[in-house]
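One structure below.
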Amino acid sequence: MAKIIVVTSGKGGVGKTTSSAAIGTGLALKGFKTAIVDFDIGLRNLDLIMGCERRVVYDFVNVINGEANLNQALIKDKRVDKLFILPASQTRDKDALTKEGVEKVLNDLKNDFDFIVCDSPAGIEAGAMMALYFADEAIVTTNPEVSSVRDSDRILGILQSKSRRAEEGLEPVKEHLLLTRYNPERVQRGEMLSVEDVNDILAIDLLGVIPESQAVLNASNHGQPVVLDSESDAGQAYHDAINRLLGEQVEFRFLDVEKRGLFKRIFGG
């Protein structure tokens with residue numbers, strides 16, 4: 001049965017869209033038919049990170065309003081088989097998303113897909129609430145700083161009280177923590193919260209720790225998910241997170257300051 005996963009956070013700029021693109025792509029690489037749905041109406045970015053912005057003809061709101069069908073709006077990824085993108089509208093506002101309309105689109109997707117990854121906008125306004133309402137699982141994305149973690153804690157409260165699963169008394173939304181832009185050297189200097197600090201505050205299962213990496217910016221600028229860069233530390237960390245999401249036991253990497261060899265100590269780098 002299809003699973004709906006929301007990638008969410010309280011604070012903006014923590015890497016939700018980067019993570020939605022990477023996780024959706026990684027699931028498709030594993031052989032699961034996957035749709036990534038952009039809920040950020042009016043401020044879409046998923047199509048840029050996926051490199052398909054020129055191919056957008058119809059969008060999520062067009063489908064909800066009956067102006068196009070789902071097949072017309074879904075964009076098939078050119079690099080990864082079984083991967084599709086449903087872009088957000090760039091011209092409407094967030095009120096264009098209705099609960100009935102979103103439910104119908106998600107139900108139609110569930111008939112044909114294994115995973116539906118919902119890329120949520122930041123905050124707790126209409127688009128974000130709609131993205132998390134129907135979720136089976138939530139990937140709460142946060143940076144290792146106090147304000148970001150505090151806002152993520154607020155999102156956890158909403159998931160536990162305002163999701164459909166909460167309203168209907170079903171099994172709770174399964175929560176995962178994804179810690180992004182992690183820099184062990186800054187943690188060591190006391191400039192950033194440690195993994196343990198964030199875990200103590202949020203107290204949910206740790207799905208992944210994505211290191212601060214130039215590879216993320218490079219991938220975004222080239223219109224491709226960083227998970228396709230398997231040589232980079234960030235790409236590898238996303239692969240680890242995807243394996244954990246699928247139930248595998250994977251050791252965490254990139255948590256400690258890298259020990260520099262003699263050559264690097266002498267010549268720098």
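List the relative contact order of the chain as a percent without decimals, with contacts defined as Cα pairs under 8 Å and 6+ residues apart.
23
In the structure displayed, which of K30/K110; K78/K174; K3/K76; K33/K99; K76/K99; K11/K82 lie more than 21 Å apart, Cα to Cα?
Numbers: K30/K110 18 Å; K78/K174 31 Å; K3/K76 19 Å; K33/K99 24 Å; K76/K99 26 Å; K11/K82 31 Å.
From K30/K110; K78/K174; K3/K76; K33/K99; K76/K99; K11/K82, over 21 Å: K78/K174; K33/K99; K76/K99; K11/K82.
Any idea of the accessible area per residue across segment 167-240, 1.4 Å probe, to the nearest Å²?
51
Can you compute the charge dipole magnitude of the chain about its Cα centre, using +1 on each Lys and Arg Cβ and -1 on each Asp and Glu Cβ, nothing else charged? Give it in debye, rounded to the nearest 20. Don't jump to the answer; show the numbers that get you there.
Values: 32 positive and 41 negative charges, 112 e Å.
Taking the Cα centre of the chain as origin, the dipole is about 540 debye.
Determine which aspartates and glutamates satisfy two conditions relative to K162: a Cα distance under 20 Å, and not lying fewer than 8 residues away in the same chain.
Excluding near neighbours in sequence, the set is D40, D95, E100, E103, D119, E125, D136, E137, D151, D153, E171, E175.
Counting only C-alpha contacts under 8 Å and six or more residues apart, can you give the relative contact order of segment 119-269 as a whole percent?
19
Students sometimes get this wrong: rank H176, H239 by accessible area, probe 1.4 Å, all chains present, largest first.
Values: H176 15, H239 60 Å².
Output order, biggest surface exposure first: H239, H176.
Based on Cβ point charges of +1 for Lys and Arg and -1 for Asp and Glu, what charge dipole magnitude is obtained for segment 157-228 about its Cα centre, in debye rounded to the nearest 20?
260
Going toward the positive end of the dipole of segment 79-156, with +1 on Lys and Arg Cβ and -1 on Asp and Glu Cβ, which of N107, T141, P87 do you reach last?
Looking along the dipole axis, the top candidate is P87.
When averaged across all projection directions, what area in nm² does the alpha-carbon convex hull of the chain cover?
14.6
How large is the dipole of segment 1-155 about the Cα centre if only Lys and Arg carry +1 and Asp and Glu carry -1, each at its Cβ, rounded to the nearest 20 debye?
That gives a dipole near 380 debye.
Quick one: compute the contact order of segment 76-164, relative version, from alpha carbon pairs under 8 angstrom and 6+ residues apart, as a percent.
This gives 20 percent for segment 76-164.
Between segment 117-172 and segment 64-79, how far is it from one alpha carbon centroid to the other, in angstrom?
Here the two parts' Cα centres lie 26 Å apart.
Specify which residue in the list N71, V56, L245 is farthest towards the positive end of the charge dipole of the chain, using unit charges on the beta carbon of Lys, Arg (+1) and Asp, Glu (-1), about the Cα centre.
It is V56, whose Cα lies furthest towards the positive end.
At 222 nm, what helix-only mean residue ellipticity would the chain give, in deg cm²/dmol to the nearest 500, using -39500 (n - 2.57) for each DSSP H run of four or more?
Values: 13 runs with 108 residues, N = 269.
About -11000 deg cm²/dmol.
Cα-based Rg (one decimal) and Dmax (whole number) for segment 139-269, in Å?
16.9, 63
What share of the DSSP beta bridges in the chain is antiparallel, in percent to the nearest 5?
Given both bridge residues lie in the chain, the antiparallel proportion sits at roughly 5 percent.
The values are calculated or read from the model by the stated rules, or taken from the named source; none is laboratory data. Bear in mind that the values here come from a model prediction, so they are computed numbers and not experimental data. As a convention, Cβ positions derive from the backbone with ideal geometry for all residues, glycine included, and neighbour counts pool all protein chains shown. SASA here: full protein model, heavy atoms, side chains in, ligands and nucleic acids out. Shrake-Rupley method; radii C 1.70, N 1.55, O 1.52, S 1.80 Å.
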